[in-house]
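Presented below is the structure to which this report refers.
What follows draws every value from the coordinates through simple rules; no lab data is involved. The structure displayed is predicted, hence computed values, not measured ones. Counting neighbours? That spans all protein chains shown, and the Cβs are built from the backbone with ideal geometry, glycine included.
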Amino acid sequence: MEATIGKKFGYVRTSTADQHNGIDVQIDALLAHDDQLDRRDIFVEQVSGGLHHTKRPRLHELLAQLTENDVVYIYRTDRLGRSTSDLLTIVEKIKGVGARLVSITDSIDTGTGMVADMFLALLSVVSQYERSLISDRTKSSLKVLKDRGVQLGRPRKITPVTIRQVRAMHDDPELSVKDICGSLGISRSSYYQALRTDLVGIDQSPLETTPHHPHVL
């Protein structure tokens, strides 16, 4: 018994700099693949492939219209997802409503039993591998920064001790703002905040009450 076919859609994406896989090339290929596909049901998007699928309005509009037994044709899988993880999410959304995805160049059909299951399983494995690589690279980068003495996380809170240090160093005309910030590991905004902060009620050293002298900025 032949499977029930719902409505047929097409999705075409290209960036402004993408000439080889241009809009017309993809549309013509989809129409040639299935003569029952109506050109008016092809959703065209001209955006960078680097954008997450949630930031592609035409794709979002297409996914919102899908119902059971519908078919979505694409020219190639890289036209649909910016990464394996992104592609897997989109494919799962399509299958979630009982629709099929057909990539005509890759000969992939998510509605053909074992082949479809193998494709999704492979996507899932590769997606997990990609996430692991990203995690490992992030941890390695953070370790390198930490070993170099780079302060990670949110900037530390300006304490009374830091304020006194800033004001003491501020009195030295030989020190620039850059020198002071670098020495104390604070930003310029924190430096000026320290100079403006009222230390009333906090034990202050004599250094804080001496006149301030101008120095190099």
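By how many nm would the segment from GLU61 to ASP106 grow when fully extended, if each residue of separation counts as 0.36 nm and the alpha-carbon distance is taken off?
13.8 nm
For SER15, the amide hydrogen comes within under 5 Å of no other amide hydrogen, counting only partners 5 or more places away or on other chains and with H modelled in the peptide plane. Other residues whose C-beta falls under 9 angstrom from the C-beta of LEU66 contribute a net charge of 0, scoring Lys and Arg +1 and Asp and Glu -1.
Between ARG39 and THR197, the modelled label-to-label distance comes to 6.8 nm, taking each label 7 Å out from Cα in the direction of the beta carbon. If you stretched the chain out fully between THR89 and VAL177, how much longer would it get, using 0.36 nm times the residue separation minus the C-alpha to C-alpha distance? Taking THR89 through VAL177 to full extension adds about 26.7 nm, to one decimal.
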